[in-house]
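Since every read-out is calculated from the coordinates, none of them should be taken as a lab result. Just so it is clear, the structure is predicted and the values come from calculations on it, not from any experiment. Cβ: placed from backbone, ideal geometry, glycine included. Neighbour counts: every protein chain shown.
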Amino acid sequence: MSFETINVEINEGIATITLNRPEVLNALNSHVFNELAEAAIRLGGDDTVKVVLITGGPKVFAAGADIKQMVEMTAVDMVLTDKPSHRAFHLLENMPKPVIAVIAGYALGGGLELALTADFRIAADNAQLGLPEIKLGILPGAGGTQRLPRLIGAGLAKELIFTGDFIDAREAYRIGLVNKVVPVDELFTEAEKLAGKLARRGAVALRLAKSAVNEGLRMDLEAGIRYEHQCFSLLFATEDQKEGMRAFIEKRTPQFKGR
Ligand code: CAA
């Protein structure tokens, strides 16, 4: 896959999307959003891809939306140009396979909002996370005011959004914003280890488990439980369910086929 502002590599079922605008700390402009959307569509539809990693590389995740692109924009421009970020983030969040954000250095503003679309976040011990938009006279406009409170609760989310302060990786772990903190030189090994583990799980079960959680968060509890039951029941139509349960009984490792 050939892009200009991102690189995409696929290795043994694990796709890695790497933001590639180092000269501006991977700031996200409309071109990046459009390429992220295209990558999400292609990787989401590629059955050979089991897990997707999103990263900015070993130095910086992303320092937010591109301020230089936004500075002279009008409200009408924003109504129109907001769409690429919303579309890209919606596609990434709803990819039918696990997505892991792999964060080194700054994950700020739209960069953190990108990481919030992933299922998990692994951070290097040098990571700095925050939503500094308030210091620019705006607010997080790529899902931050919605996804962050759903993840860490309204009180902590408001603190980050209203102050614009950065927090380090340990604090992000403490408040549940990241799943794991590792030394920076082990970041990619740890992410690949987790991705490899997920790649060995049944792809249909993973897809429906992700859907049950994501869709369930948009429903009341009773509707969510009903939706979970539909997903659960459907899995009994898969070869993987038979294989998983038989392997348990036969005391062997299951070989899932993703069907
Ligand atoms: N947009 C455009 N350019 C950016 C950028 C951004 N978000 N962040 C950094 N850059 C550019 C800088 O302008 C600089 O370019 P020049 O060399 O041409 O001046 C280059 O990247 C390196 O940055 P710094 O010299 O500032 O690096 P630093 O190490 O001194 O500071 C930083 C790093 C603390 C991350 C600082 O760059 C910073 O505060 N960046 C902006 C963070 C921010 O406010 N993000 C929110 C953006 S708005 C948003 O995301 C809206 C939304 O909700 C969608």
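Some observations on this one:
- Angle between the chain longest axis and helix 187-199 axis [Cα atoms, degrees, rounded to 10]: 40 degrees
- Among 122-135, 226-239, sorting by the average number of other beta carbon atoms lying within 10 angstrom of each residue, highest first, gives 122-135, 226-239.
- Put a dot 7 Å past the Cα of ASP46, heading toward its Cβ, do the same for HIS86, and the two dots end up 2.9 nm apart.
- Scalar couplings 3J(HN,Hα) for the stretch 211-226, obtained by applying the Karplus form with A = 6.51, B = -1.76, C = 1.60 to θ = phi - 60°, are 5, 4, 5, 5, 5, x, 5, 8, 10, 6, 4, 5, 5, x, 5, 5 Hz; x denotes Gly and Pro.
- 0 to 90° range, to nearest 10: angle between helix 75-93 axis and the chain longest Cα axis: 20 degrees
- Projecting the Cα positions of ALA154, TYR173, PHE256 onto the charge dipole of the chain (unit charges on Cβ atoms of Lys, Arg, Asp and Glu, taken about the Cα centre) puts PHE256 furthest along the positive direction.
- J(HN,Hα) series, the stretch 243-252, from Karplus relation 6.51 cos²θ - 1.76 cosθ + 1.60, nearest Hz, glycine and proline x: 4, x, 6, 5, 4, 4, 5, 8, 6, 9
- Overall, the chain carries a charge dipole of about 900 debye about its Cα centre when +1 sits on the Cβ of Lys and Arg and -1 on the Cβ of Asp and Glu, all other atoms neutral.
- Applying the Karplus relation 6.51 cos²θ - 1.76 cosθ + 1.60 with θ = phi - 60° to the stretch 121-136 yields 3J(HN,Hα) values of 10, 10, 10, 6, 5, 9, 6, 10, 10, x, 10, x, 3, 4, 6, 9 Hz, where x marks Gly and Pro.
- Within the same chain, lysines fewer than 8 places from LYS50 are excluded, and of the rest, those with a Cα less than 19 Å from its Cα are LYS97, LYS193, LYS197, LYS210, LYS257.
- Ranked by how many other beta carbons lie within 10 Å on average, peptides 105-117, 161-173 from highest: 105-117, 161-173
- Eigenvalues of the alpha-carbon gyration tensor of the stretch 33-152, scaled by 5 and square-rooted, set the equivalent ellipsoid semi-axes at 23, 18, 12 angstrom, largest first.
- Cα→Cβ-extended label distance, 7 Å offset, between GLU38 and ILE10, nm: 1.6 nm
- For the chain, the longest principal axis of the C-alpha atoms and the axis of helix 154-163 are separated by about 30°.
- Cα centre as origin, Lys/Arg/Asp/Glu Cβ charges: the stretch 13-157 dipole, Debye: 240 debye
- Separation of the MET73 and THR163 label points, Cα + 7 Å toward Cβ, nm: 2.8 nm
- Cα convex hull of the stretch 203-249 - mean projected area over all directions, nm²: 3.3 nm²
- Cα gyration tensor shape for the stretch 143-257, rounded if a/c is under 1.5, else prolate or oblate: oblate
- Over all orientations, the chain has a Cα convex hull whose mean projected area works out to 14.8 square nanometres.
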